[in-house]
Amino acid sequence: CKEGGEVWVEPKWDKVWFPDAFEGTMAQLLVALETGEKPEIDGEDNLDTVALVEACYRGAMEHRIFTIDEIRSA
């Protein structure tokens, strides 16, 4: 919805992005399970991503900078 607008507009895409984005990561996970090797993207990466998003939200609410380490250690 545009600022000040009263109509909600839902975007439509011709292609579905989820399977394409999901396939490579899931394939890496399956290979890692079979070989015992660490996948290129693992849970630690995902925790850092969530911590980054949380740092952005908290920083906006409290008007200060948060580091990923601050969020991860909380």
Exercise. Any idea what the dipole of segment 18-73 comes to, in debye rounded to 20, about its Cα centre with Lys/Arg Cβ at +1 and Asp/Glu Cβ at -1?
Worked result: 300 debye
Seminar exercise, completed: For F66, other-chain or 5+-apart residues with amide H closer than 5 Å (H placed, Pro excluded) are G59
For this session: Considering only V53, V31, V16, give the residue with the highest GNM mean-square fluctuation for the chain, with springs between Cα atoms whenever their separation is below 10 Å.
Result: V16
Exercise. Counting other Cβ atoms within 10 Å, which GluC sites (Glu not before Pro) in the chain have at most 15 and lie in a DSSP loop?
Worked result: E3, E6, E37, E40
For this session: Could you work out, for segment 18-73, what percent of all Cα-Cα pairs fall into each 10 Å distance bin, beginning at 0 Å and stopping at the bin that holds the largest distance?
Result: 23, 34, 26, 16, 2
For this session: Enumerate the amide H contacts of I41 below 5 Å, restricted to partners 5 or more residues apart or on another chain; note that Pro and chain-start residues carry no placed amide H.
Result: none
For this session: Once you've got the GNM for the chain with C-alpha springs shorter than 10 Å, pick whichever of A27, A51, A60 has the biggest mean-square fluctuation.
Result: A60
For this session: Report ³J(HN,Hα) in whole Hz for each residue of segment 54-69, in order, from the Karplus equation J = 6.51 cos²θ - 1.76 cosθ + 1.60 where θ = phi - 60°; Gly and Pro get x.
Result: 4, 4, 5, 4, 5, x, 5, 6, 9, 6, 8, 8, 10, 9, 4, 4
Exercise. Do any chymotrypsin sites (Phe, Trp or Tyr not before Pro) in segment 12-74 lie in a DSSP loop with no more than 16 other beta carbon atoms within 10 Å, and if so, which?
Worked result: W13, W17
Seminar exercise, completed: The relative contact order of segment 18-73, taking Cα pairs under 8 Å that sit 6 or more residues apart, comes to a percentage of 22 percent
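Every number in this text was worked out from the coordinates using simple rules, so none of it is lab data. Not measured: the values here are computed from a predicted model. With ideal geometry, Cβ positions are generated from the backbone for all residues, glycine too; neighbour counts draw on all protein chains shown.
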